1. Let me understand the chain better: what is its radius of gyration from the alpha carbons, and its Dmax, in angstrom?
2. Relative contact order for the range 65-185: what is it in percent, counting Cα pairs under 8 Å that are at least 6 residues apart?
3. P(r) of the range 57-114 in 5 Å steps, Cα pairs, percent per bin?
4. For a distance above 16 Å, tell me the whole-number percent of Cα pairs in the range 107-165 that qualify.
5. Once amide H atoms are built 1.01 Å from N in the peptide plane, which residues 5 or more positions from Cys288, or in another chain, come under 5 Å H to H?
6. DSSP loop trypsin sites (Lys or Arg not before Pro) in the range 212-297 with at most 16 other Cβ atoms within 10 Å of their Cβ, which ones?
7. Probe radius 1.4 Å, ligands and nucleic acids ignored: give me the carbon and sulfur share of the accessible area of the chain as a rounded percent.
8. Looking at the P(r) of the range 129-196, how many percent of alpha-carbon pairs lie beyond 18 Å?
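The values are calculated or read from the model by the stated rules, or taken from the named source; none is laboratory data. This structure is a prediction, so every number in the text was calculated from the model and none was measured. Methodologically, a virtual Cβ is constructed for each residue, glycine included, from the backbone with ideal geometry; neighbour enumeration extends over all protein chains shown. These accessible areas exclude ligands, DNA and RNA; they are computed on the full protein's heavy atoms, side chains included. Shrake-Rupley method; radii C 1.70, N 1.55, O 1.52, S 1.80 Å.
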Amino acid sequence: MSKPLTSLKLNTFFSLLIFLLISTHVSATHQRAGEITYRHISGLTYEVTITTYTFAPSAADRCELTINWGDGQSSVLSRTNGPPGTTPAGIFCEHTGENISSEIRLSIYKGIHTYAAPSNYRLWLEDPNRNLGIQNIPNSVDVPLYIESLLVVNPFLGTNNSPILLIPPVDNGCVGLPFLHNPGAYDPDGDSLSFRLVNCKGAGGRDIPGYKLPNEVDLQNPGTFTINEVTGDVLWESPVRQGEYNFAFLIEEWRNGVLIGYVTRDMQVNIIACNNTPPELFVTTDTCVVAGDTLRLRVRATDADNHKLTLTADGGPLLLPINPAIFNQPDDSTGQVSETLVWATVCAHVRKQPYQIFFKVIDNGVPVRLFDLQTTNITVIAPPVKDPNVTPLGNNMILNWTRHNCNEVIGYRIYRRAGSSGFIPSVCQTGVPPESGYQLIAETTGITTTSFIDDNKGAGLVRGITYCYIVTAWFEDGSESIASEEFCANLKKDMPVFTNVSINSTSATTGSIEVIWSKPTELDPVQTPGPYIYRLFRSQGFNNVVRENIAEFTNLNDTIFTDNGLNTKDTAWTYTIEFINNTPGNTFTIGFTPPASSVFIRTTPSDKQITLRMFSNVPWSNLGYTIYRKNEAGTFDSIAFANTATYTDTGLINEQEYCYLVRSTGTYGTPGYKEPLLNFSQEKCASPRDNVPPCPPNLLVEVECDLNELRFRWEDISISCAPDIERYYLYRVGNPHILIESFNSSTLSYIYSPPQTIAGCFFVVGSDANGNIDTANYRQVCTSIDDCPRYRLPNVFTPNSDGYNDLFVPFPGYTSVDRIDLKIHNRWGVVVFETKDPAIRWDGRDKNTNKPCADGVYFYVCDVYEVSGNPELEGDKVLIKRTITDSLHILR
C-alpha cells in the first residue's frame, strides 16, 4: 500500500523546489555577447570555438557549454582560457576565463567534431540567461542567449574556415555621440564577406518577443541604426538613452557567388553620459600595393580634450604566416599619436578580395574611454606580364611573353580586339575592362606556357585587320594581374573579306540573301601572280563543315552575289570563299575566308511580351541591333535599338500575332573597310501568351512542439504578383517533392502534423488561371529536430495512485522520436522495467514480479532514436542515436 508524503517531506520538497527556482533565476544573469566560429581540420572534421562575454560577478559562470553540431548530435565543451580556479559559484574549473574588466569575463570553449557526410549544418548554442537590464530586450534576465553559425560542407566548393572576428563584441558609447563598431572580420580563405542586421534570438532560436533595435527604444528620438553591408561598420547615429543594448548581425561568406557559411555575432554596447569628445583617426581608407613592393601606411590620431591616446591595429595582414605586416604600437601620447604600418608584400599575398586593417584609438577619459575606429582596405595586386610581342603568320597570330615572376600564377588570359584602344590600366586596376573593347579569347594553364597561337578557334583571322592583344596572369581565386601593355600587328589584305550577308526576302522556298565581300588589295605578285578565282561556298545553319560550292568568279572585281531560292524562314545560312591563284601550271589555293552567316532571330513568347534573340557567326563585331515591328499597315517600323543580342518587346496583347525584323550594325574596327556594316535578318512572327507561373510566395513556419505541429503562413501573392492566382500548393522538399495539401486562393495558412518528424524543408507555390505552376523555383523554409526540446526524462515520480505524477513519462514537447530502448535497473543492477515506447507510462511495478517497486533510487539507460534531416529527400528515415543515463527516484 502506498504511503502519502508526510507534511515534513512536503515542506522539504517545496523548500528545495523554491530554492532551486530562486538559484536558477539569480545565477542565470550573465550572458552579454557571443559568437561561434570554426576552422577546417581535415576531411569532414572541424574545430569549433565558442566565444562568450559574461557578467563577471555572476554565479552563473560556466566551466562548460553545450554545442549542437547541426546533425542531431551535441557535445559538452570545456573552457580553454584563463588559469585554474574557483568560479563565483564556488565551482572549481581547470580554466576560469579572463576578466577584461571588473564586470566582463571573456570565456573561450573549443571542441572537434567529424561529420558523416557533406551537407549544411547549423551550429548553435542556447545558454540561460542574458544579464539584467538590457534596454531593448524586455525581461532580459529571463531570456537565453542564442547564437548560431552555418557550416557548409561541400566538396565542390572546397574546404572552408569561418571568418575570424578580431574586435570584441562588447563596447561603450556616449549619449549624443555617434557609436561605431566593426567586428574586424578576417577571412583566412580570402572569401567575400557581407554583413546584415538580424534580430537577437532567444529560446529555441526564435526572435525575442518585444525585441527592438537600439535606436527604436526611444520612439521620440529614434535616430538611425545601420550596418554597412560591405565593410561591416555598425553606426548608431545618436544614442539618447543610457543603458546596455544588444544587437546581432550576420557575417556571410560568399565564394563564386555562392553562400558557403555565416557567423552570427550577438553583441552589447553600454551607452553612458559623457562630458568629453572622442578622438579622431586619420588614415587612407582604400589603397593597393603591387606584390613585391613595400606598403607604408601612415596613421595618426588627435584628441580635442588633450587626453592620453592609445593607438592599436588589427587585421588580416598582421596575421599572415609569410611576411606579415608590422605595426609597432606607439607609446601612449597626450593629445596626438601616430605610427606607420609597414608591409613588405610578396606574391603569396595576391588575392581578389582586399585585406582589411582595423585601426583604433582610445582615450583615457572618464567615466568611459572614448574611441574612434577606421577600416583600411588593402588590395595586393600582381605585377603585369612583361615583354609581350606578336608575329603575323598566314591568317594566324603568334603571341609570346616572359614567364611571370609570381610562382602562384595558374596561367594566362589573352584578350583581343580589332584596332588599338590605347588602354592603360589605372592605379590599382587589374584585368581588362569590357569598356576597353577587348574580349577574352583564351585562358591558358601553367605558368611556363608563355606563347599562344591565335587562329580564331580554327576559323582563321581576317586579312587586312590590325589585331591588338593584352595578356594578364591569373591566380587560383580568379584574381588577375595588372594588364600587360597593348601590343598589335596586322595581317596583309591578301584575301577577300566578307562585309555583308543580308537577307533580302523571307520564305520557306524562295528566300534571297545578298552576299558582299571586299577584294584583296595587298597581293604578292611574286608568290601569287594570278589570274584569280573566287569559289563561293554555302552551308546551312551556323556550321561551316558541310559546304556546297554555289558560284565561281574569275574577275577580281566581282564581289557581290545574290543567292536565291533559299529557305530563309527556318534557318540561317553561312558562307565562305576559297581564293585560288590560277596561274597556268601553278594553280593552288591561297586560303579560305573565315565564315560569315546571316542574322537569324528566334522568339520566345511569354505573358504580354516577346523576347527576341539574335544569332550570327561573322568575322566582324556587331555593335547593336535595330528592332523593327510590322505595323497595322503591313510595313515595318523601328521600335528600339539593342546593344546586346537580346531584346524583349513588352506591353503586348496575348494571343495577337506580332512580326519582327532585325538589322545588325557591325564594324571591323580598322580603316579601309566600309562602316557601318548593315545586315538584315529574316522576318519572324510570334504571339505572346500567358505561360509565366506565379512568383513563389514567402513562407513562414512556427513549430508547436507540444502539439507536434508545424504552423505555416504564406504571402498573398494575388496582391504582389499574381492577381489571377487560383490555388496554392504546400510541398515537402523531396526527390520528387511530396505534396502535402492544396488550397484555394483565399487560404494563406495551414497546420500540419508531420507523421515522422518535424525536420524537413517546405515550400509553397501557386497556380494561376492558365494552370501555370513552377515547383523548380521556390523559397523554402527548413525545420530541425533542434527546434523543439530534446527527449528528456524526469528524475522523480510518485506512483501512489493519487492522480498526480503516477506514471513515469518523458517531459512534454519532444518531437521526431522514432523509438527508444529504455532499461531501468534497481541498485543491484536487475532490470525492473524496459520498453521501446517513447511515451513509457511506467506505473512503478517490477516487470518480473508485477509488484510495486520499493521507494528509492533506480538507474536507467535510454537509447533514443530520433528522425533527423529530411527523410523524403534522403529516401529513407535518417535515425540519430542518443543515449541518456541518469538516476530515478520513486517516492510514495
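1. Using the Cα atoms of the chain, the pair Rg, Dmax is 37.1, 130 Å.
2. 18 percent
3. Per 5 Å bin, starting at 0, the Cα pair percentages come out as 4, 19, 26, 22, 12, 9, 6, 1.
4. In whole percent, the share of Cα-Cα pairs in the range 107-165 beyond 16 Å is 60.
5. For Cys288, the qualifying residues are Thr379.
6. In loop regions of the range 212-297 (DSSP not H, G, I, E or B), the sparsely surrounded trypsin sites (Lys or Arg not before Pro) are Arg241.
7. 50 percent
8. So the pairs more than 18 Å apart make up 61 percent of the total in the range 129-196.
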